[in-house]
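Here the structure is laid out as structure tokens; the discussion comes afterwards.
The values are calculated or read from the model by the stated rules, or taken from the named source; none is laboratory data. Note that the structure is a prediction, hence the values are computed from the model and not measured. Cβ placement follows ideal geometry from the backbone for every residue including glycine, while neighbour counts extend to all protein chains displayed.
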Amino acid sequence: MKEVELNISNYSKCLCPVCPVEADSPCLYTRQKTWRDARRQLGKVLKQYPEHPEAYEMPMQELEASDTGKDLHFAKPAPANMRELFCSEAVGRSDCQDLSGERTCQCPDCMVWEGYRLGSGYFCVRGSAA
Ligand code: SF4
Ligand code: SF4
């Protein structure tokens, strides 16, 4: 199985932020501001897509170190503050222990899940797809 890349293309397709498993988690709520700040800066990079299409598929770590990333003031979000891409090895299982694993995972409806043929779900509680 191909490893899920931590890039803006996959980030923007991830359905985790609208998943009921993440809802009502006091642990995630305490990180709300950091998470929103990260989304805002990733949104800024997305807005620059016509001028910087290379930023879309580039691994976030490379993007941060690149001239484009520096021009756009991009800083890779810390995995602990992410609520997306738990399927990628770079993020993996959430360290929040209060996610509602009995609710329905949205991964099977996600384009990343389909593209990488992930086949399972609940990566936020079980760990990455790798
Ligand atoms: S990995 Fe699945 S269960 Fe976990 S937040 Fe994402 S969509 Fe929901
Ligand atoms: S497969 Fe699940 S964890 Fe991975 S990007 Fe899609 S919704 Fe997010």
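Quick notes
- For segment 105-120, a residue qualifies if it is without any contact (Cβ under 8 Å) to a residue 24 or more places away in the chain and within 16 Å of the chain's Cα centre (by Cα), and the qualifying residues are Pro108, Glu114, Gly115.
- Only helices (runs of 4 or more DSSP H) whose full extent lies in segment 1-110 are considered here, and the ones with at least 2 residues that are in contact with a helix residue (DSSP H, G or I) (Cβ under 8 Å, 6 or more places away or on another chain) are 8-13, 32-47, 54-57, 60-65, 67-71.
- Subset of segment 15-71 (residues that are of a type in the set (Asp, Glu) and in contact (Cβ under 8 Å) with a residue 24 or more places away in the chain): Glu22, Asp24, Glu57
- Breaking point among (1) surrounded by fewer than 18 Cβ atoms within 10 Å (Cβ to Cβ); (2) within 15 Å of ligand 2 (Cβ to nearest atom); (3) modelled with pLDDT under 95, for Pro77: (1)
- Filtered residue count, segment 85-121, keeping only those that are more than 9 Å from ligand 2 (Cβ to nearest atom), closer than 20 Å to Arg31 by Cβ and not small (Gly, Ala, Ser): 7
- Scanning segment 1-45 for residues that are among the acidic types (Asp, Glu) and surrounded by 13 or more Cβ atoms within 10 Å (Cβ to Cβ), we see that the one that is nearest to ligand 1 (Cβ to nearest atom) is Glu22.
- Arg39 meets the conditions (1) basic (Lys, Arg); (2) more than 28 Å from Gly121 (Cβ to Cβ); (3) at pLDDT 90 or above in every case but one. The failed one is (2).
- Failed criterion for Leu99 (all others in (1) more than 13 Å from ligand 1 (Cβ to nearest atom); (2) over 16 Å from the mean Cα position of the chain (by Cα); (3) buried (at least 19 other Cβ atoms within 10 Å of the Cβ) hold): (1)
- On inspection, Ser128 passes the criterion of being of a type in the set (Gly, Ala, Ser) and either within 11 Å of ligand 1 (Cβ to nearest atom) or in contact (Cβ under 8 Å) with a residue 24 or more places away in the chain (or both).
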